[in-house]
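Below you'll find the structure, written out as C-alpha cells, and then a few comments.
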Amino acid sequence: MFSLAALSLRRSLATVVSGNKTSKLVRERLKLEVDKMKSEFSGFTPGLVVLQVGDRDDSNLYISTKLKAAAEIGIVASHVRLPNTATQAEILHSILSVNEDCSVHGLIVQLPLDSVHTIDTELITNAVSPLKDVDGLSCINAGKLSRGDLGDCFIPCTPNGCMELIRQTGVSVAGKHAVVIGRSKIVGAPMHDLLLWNHATVTTCHSKTQDLPAQVSRADILVVGMGRAEMVRGEWVKEGAVVIDCGINHIADESKASGKRVVGDVHYASANERAAFITPVPGGVGPMTVAMLMELLYGKN
Ligand code: NAP
Ligand code: LUD
C-alpha cells in the first residue's frame, strides 16, 4: 500500500507527442494547398522519384508509405527500382537521368543500398542534384545546414520531423541543453545542427562517448537515433525532459502473430515516468519523416 504522501509525490506520466496525429494534420493541410495550387496554376504537379536499389523489407515498407502519402496529397511519385546486381555506374546513370528530368522536383535514394557490389553511398547521395535533394544528404545541403543557412537548404526529413514534434510540446529550444545520441548523416548530425541553429546548447553522443547515462541526465531535450533497442533507460532521463525517439528496432515478441514487434531506442515505460513529453514508437518520428518529405516537396514550388 502507498501512503497518501507517497501517492501525491508520484508524478504523472509524460504527455505523449503523437507523430501519427501531427503527420495526419500536415498531410491534410498539404492536400488542401495542392488542390488550390492545381486549380490556380493548371497543369503544375509536384513530382517525386524514390530510387531503390535491391529489395529490403524495411525499405519496401517505408517507400510504400511515402508513395501512398504522395498519392493522397496529389503529388506524382514514382518508384524506380534497380536490382541488387546494379553496378555503381548504373545507379549513377539513373540518378543523372532523373536530375535532368524537369517533371521531377525531388529525388530520394532510399538507404541503405541493398547491393551485391561495394557501392560508395556518399558518391551516390552526392550525385543527386542539390536542387532536387529533398533528403538533404548531399554535401551542399548538409554543409549549408551545418553553417546555419536553414532557409537555403533541404533539411533531412527525420530531424525536421523531430523539430516539428518538439514545437508541438510548446517547450522553447533556445537556451536549453539538448543532447543528441547518434551522429549519422541522416539523423544525428543534422539533428545537432538544427538544434544548434535553433539556439540550444547541444551535446552530441556516439559509440565512443563515455558515461552515456551522465550525458543523458543533463538533457532538457533528448533526441535519440542510435539503433539500439530500448537502450536509453528512464533512470537516465532528467525529470521533465522532452524525449524524442527516432529508433526503429524489431525485437522478438511471441505474443505477436509475426513473432516480433517494433520498439525505439528509448525504454518507453521507464522514460515515460520521468519525461514531461515523449514520442512513441511506432507512431512518433516515423510518420513525421514521411509528412516532412511531402511538405518539403510541396514547399519547393
Ligand atoms: P546509424 O547510421 O547506424 O548511426 C547510429 C549512431 O548511433 C552512430 O552515430 C553511432 O555511433 C551511435 N551509436 C550506436 N551505438 C551507440 C551506443 N551504444 N552509444 C552511443 N551511441 C551509439 O543509424 P541511423 O541511420 O542514424 O539510425 C538510427 C536509428 O534511427 C535506427 O534505429 C533507425 O532505424 C532509426 N531511423 C528512424 C528514422 C525514422 O524516420 N523514424 C529515420 C532514420 C533512422 P558511431 O558514429 O560512433 O558509430
Ligand atoms: N533513406 C530514409 N532510410 C531509412 N514508420 C525513412 C522511415 C517511414 N534516403 C533515405 O524514410 O528518409 C529516408 N531517406 N528513411 N525512414 C527511415 C529511413 C532512408 C522510417 C519509418 C517510417 C520512413 C514509418 O512510417 C512507422 C512508424 O514509426 O510508426 C511504421 C514503423 C514500422 O516499422 O512499423
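Values quoted throughout were computed directly from the atomic coordinates according to the rules given, and no laboratory measurement underlies them. Predicted model only: the values in this text are computed from it and were never measured. So basically every Cβ, Gly included, is an ideal-geometry build from the backbone, and we count neighbours across all protein chains shown.
Here the translational diffusion coefficient of segment 133-242 follows from Stokes-Einstein with Rh set to the Kirkwood radius across Cα pairs; for 25 °C and 0.890 mPa s it amounts to 174 µm²/s. Relative to the longest principal axis of the Cα atoms of the chain, the long axis of helix 19-40 makes an angle of roughly 30 degrees. For the chain, modelled as a GNM whose springs connect Cα atoms under 10 angstrom apart, the maximal fluctuation among P287, P159, P213 occurs at P213. Computed over the chain with a Gaussian network model linking Cα atoms closer than 10 Å, the most mobile of L145, L165, L113 is L113.
Our coupling estimate for segment 152-162, obtained by passing each phi through the Karplus curve with A = 6.51, B = -1.76, C = 1.60 and θ = phi - 60°, is 10, 8, 8, 9, x, 5, 5, x, 4, x, 4 Hz, Gly and Pro reported as x.
What the Cα convex hull of segment 164-301 gives, in volume per residue, is 121 Å³. Placing pseudo-labels 7 Å out from each Cα toward the beta carbon at R81 and H199 gives an inter-label distance of 4.9 nm. Between K256 and E235, residue separation times 0.36 nm minus the direct Cα-Cα distance comes to 4.7 nm. Extension gain, D101 to S64: 0.36 nm times the residue separation minus the Cα-Cα distance gives 11.1 nm.
Taken one residue at a time, the phi angles of segment 80-90 give Karplus couplings (6.51, -1.76, 1.60, θ = phi - 60°) of 9, 10, 10, x, 5, 8, 4, 7, 4, 4, 5 Hz. Gly and Pro are set to x. Counted residue by residue at 0.36 nm each, then reduced by the alpha carbon distance between them, the extension gain from K38 to A269 reaches 78.6 nm.
Each of H199, G161, T118 was scored by the projection of its Cα onto the charge dipole of segment 106-225, and the greatest displacement toward the positive side belongs to H199; charges sit on the C-beta of Lys, Arg, Asp and Glu.
Sequence-ordered 3J(HN,Hα) estimates for segment 56-68 from the Karplus curve with 6.51, -1.76 and 1.60 and θ = phi - 60° stand at 5, 4, 5, 4, 4, 5, 5, 5, 5, 5, 5, 5, 5 Hz, glycine and proline given as x. Among T209, T279, T22, T118, the order by Cβ neighbours within 10 angstrom, fewest to most, reads T118, T209, T22, T279.
Suppose R0 equals 25 Å; then what is the FRET efficiency for R218 and K21 from their Cβ-Cβ distance, rounded to the nearest 0.05? Write out the running numbers ahead of the final one.
Values: r = 30 Å, r/R0 = 1.19.
That pair, R218 with K21, gives E of 0.25.
Applying 1/(1 + (r/R0)^6) with R0 = 25 Å to the Cβ-Cβ distance of S207 and D149 gives a FRET efficiency near 0.30.
Considering the chain as a Gaussian network with a 10 Å cut-off on Cα pairs, which listed residue, I140, I278, I181, attains the greatest mean-square fluctuation? Taking springs between Cα atoms under 10 Å, the residue moving most is I140. Proximity of backbone amide H atoms, modeled 1.01 Å from N, is registered between T15 and F277, I278 at under 5 Å, excluding neighbours fewer than 5 places apart on the same chain.
Please work out the Cα convex hull volume for segment 201-249 and give it in Å³ per residue.
Values: hull volume 3.7 nm³, N = 49.
So the per-residue Cα hull volume is 75 Å³.
Once you reduce segment 168-194 and segment 198-240 to the center of their Cα atoms, the two points are 11 Å from each other. Computed from Cα positions, the angle between helix 188-197 and the longest principal axis of the chain comes to roughly 80 degrees. Projected over every direction and averaged, the convex hull enclosing the alpha-carbon atoms of segment 127-189 yields 4.7 nm². The Cα-based radius of gyration and maximum Cα-Cα distance (Dmax) for segment 39-115 are 13.5, 45 Å. Running Debye on the chain with equal point scatterers at the Cα sites and no solvent, what base-10 log of I(q)/I(0) appears at q = 0.07, 0.14 Å⁻¹? For the chain at q = 0.07, 0.14 Å⁻¹, log10 I(q)/I(0) is -0.29, -1.10.
Measure up K21/K66; K132/K208; K66/K185; K21/K132; K21/K208 against 25 Å on the Cα-Cα distance and list the ones that go over. Don't jump to the answer; show the numbers that get you there.
Values: K21/K66 16 Å; K132/K208 34 Å; K66/K185 20 Å; K21/K132 28 Å; K21/K208 36 Å.
Check vs 25 Å cut-off fails for K132/K208; K21/K132; K21/K208.
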